[in-house]
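Only the coordinates and a few stated rules stand behind these numbers; no lab work does. Predicted, not measured: the structure shown is a model, and the values here were computed from it. No Cβ is skipped: glycine too gets one built from the backbone with ideal geometry, and neighbour counts run over all protein chains shown.
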Amino acid sequence: MDQTQITQTFNQQLPGAVVEEQSKFLVIKKESLLAAAKILKDSELAFQHLHSVTAVDRKDKIEVVYHIYTYKYRFMLTLKVYLPMTDLTIESLAHLWQSANWLERETYDLFGVKFLNHPDLRRILNPDVWTDYPLRKDFNRPDFYRLPQTEGLKAA
Amino acid sequence: MSDIEAKDKKDGELRSEEFVINMGPQHPSTHGVLYLELRLDGEIVKDCRPHIGYLHRSCEKIAENRTYIQFMPFTDRLDYLASMNNNLGYALAVEKLLNVQVTERAQYIRTIIAELNRVASHLIGIGTFAQDLGAYATPMFYCFRDREIIVELFDELCGGRLTYNYMRIGGVQTDLPAHADKFIKDFIKYERQKLKEYNELLTYNAIFLARTKKIGILKQETAISYAVTGPMLRASGFKWDLRKDEPYMIYDRFKFDIPVGKTGDSWDRFKVRLDEISESLKIIEQAIGGLPAGNPISKVNRVFKGPPGEVYMRTENPRGELGFYLVSDGGLKPYRNKIRSPSFSNLAVLPEMIRGLNVSDAVCVLGSTDIVMGEIDR
């Protein structure tokens, strides 16, 4: 199995979804992500394993990168979605793959990508009171860190 | 009389209410700084919410400010019980990006060292699991005694006992010492003897069985949906090991089996780890027998630029599939280095396993997952 087979499937079932095709990854339209993910998981392709979700900050846009694996055909698909900096929202895949829950929370925490319809979108690694997104390229690293006081600490 | 007491009196019986206890972040059986928010009904766990991030050092941001070679020591601090395997995963990812060929001897040394570290890591997993169950000290000391032999060899190799920084881009730091051949062969013989002892001490011990059998069952579909990998996935009956199914390096040259469990309970997870030790010993034995002569490192420039592009490389770590996603823009430093750590996904499935169990069994299940916080928080 290779990537062209998946592109063909997308072109048949979701015309216009594939924006860009490179040798190592596929880029699809943001609007068709959920439909594409459903095809990958539920069709004969059997992409059962959402391996990782992450993002890359390209300064003018943020790429959300999904690594999805099929045990049946032993193929790792790298799926990308480009998000403009003005609109960092994307549909959550947590209802298809349970692993997306924590992986998307991590991407939200570090990049500020908002996943719509996510069951529990909270920060996961940084404290809840944190305001920045540390893996963005424009993140200014302060010399000294001080957390905003939480309610509990104030009361004490 | 308070409101609650009045209500109790009116109802004519004691009411029970949900009770939240905080387990961790400082707790002897959470294996690091993990904080579990347990919702209890009496002794039964109704729900569990893991809170992580206490060990967050943002290794991925650090990677963007270091050259490829400079990041190697940081990989030691991810899964600090299997530092060699992390080194190996990262070295393979960079080599894939640069398209570097590694010498035969280096590949064999890498295999031997990585498998020895797998044995050491599983020994800790088994020892601390028994400790969590209340088998006070004995199994843990036995396991640490065996691990000590491996650590001594690593100490001699690279001067580190826990964080090794041994793998290099294109090979390994130093060649094996002259007596390594005999040392490792003696260890294999010794460890096989000891594995029988562990089976007598733990595996078929009636108390151990009562505590672990049918506790914390993880179904195969749930495991796959949560992207669980490694011994936990295999314990659920799914035969999948990257070393066998998508062989990287030279794993396709060796004969070994993949142990799998049947039900996916805590005992199966323990047994799979124990069996994997003997499989790793098989690999080490074959590799040390066929160790070719040659250079342990191939020539790679000390300063290099990564060609523009991206690679994804995953390897089978003791805890599951460790992946490095390197994005390069052609500079000295990676543009992005994403670390996909196995324990992260293996912990995410924990609430599914401990719902409905006693608190003491929750500790048992957590111990059987064998997580390391260093790679969850990164």
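Some observations on this one:
- Short to long, the 10 Å bins of the Cα pair-distance histogram for the stretch B:22-377 hold 5, 25, 34, 24, 10, 2, 0 percent of all pairs.
- Calculated on the alpha-carbon coordinates, the convex hull of the stretch B:257-331 measures out at 144 cubic angstrom per residue.
- Most fluctuating residue given options A:Arg141, A:Arg105, A:Arg122, as computed from a GNM of chain A linking Cα atoms under 10 Å: A:Arg141
- Between A:Pro127, A:Pro119, A:Pro142, the Gaussian network model of chain A with springs among Cα atoms under 10 angstrom shows the greatest mean-square fluctuation at A:Pro142.
- Rounded, prolate or oblate (a/c below 1.5 giving rounded, otherwise prolate when a/b exceeds b/c) for the stretch B:185-343 by Cα gyration tensor: oblate
- For the protein assembly as shown, taking the reciprocal of the average inverse distance between every pair of different Cα atoms yields a Kirkwood hydrodynamic radius of 24.5 Å.
- Partner chain coverage, peptide A:73-83 - average Cβ within 10 angstrom: 1
- Among A:Gln22, A:Gln13, A:Gln98, residue whose mean-square fluctuation peaks in a GNM of chain A (springs only between Cα atoms under 10 Å): A:Gln22
- Percent of beta bridges antiparallel (DSSP, the stretch A:1-133, rounded to nearest 5): 80
- Pairwise Cα separations in the stretch B:169-278 fall into 10 Å bins from 0 onward with the following percentages, short to long: 13, 31, 32, 18, 5.
- When restricted to Cα atoms, chain A yields an Rg and a Dmax of 17.7, 62 Å, respectively.
- Working ranking of peptides B:141-153, B:297-309 by packing, defined as the average number of other Cβ atoms within 10 Å per residue, highest first, is B:141-153, B:297-309.
- Based on alpha carbons, the Rg and Dmax found for the stretch B:162-233 are 19.5, 49 Å.
- When peptides B:289-295, B:192-198 are sorted by average Cβ neighbour count within 10 Å, with the highest value leading, the order is B:192-198, B:289-295.
- Whole-number D in µm² s⁻¹ for the stretch B:70-201, Kirkwood Cα-pair radius fed into Stokes-Einstein, 37 °C, 0.692 mPa s: 210
- Averaging Cα coordinates gives a centre for the stretch A:60-76 and one for the stretch B:37-66; these two points are 25 Å apart.
- A:Ser99, B:Ser360 arranged by Cβ crowding within 10 Å, fewest neighbours leading: B:Ser360, A:Ser99
- Residue by residue along A:48-57, Cβ atoms of other protein chains within 10 Å of the local Cβ number 6 on average.
- Sorted fewest first by neighbouring Cβ atoms within 10 angstrom, B:Ser341, A:Ser23 come out as A:Ser23, B:Ser341.
- Annotation: the antiparallel percentage among DSSP beta bridges lying fully within the protein assembly as shown is about 90.
- Gap separating the Cα centres of the stretch B:194-268 and the stretch B:320-376, nearest whole Å: 17
- Contact order normalised by residue count of the stretch B:151-226, Cα under 8 Å, 6+ apart, percent: 15
- Peptide A:94-105 has a mean shielding of 4, counted as Cβ atoms of other protein chains within 10 Å of each residue's Cβ.
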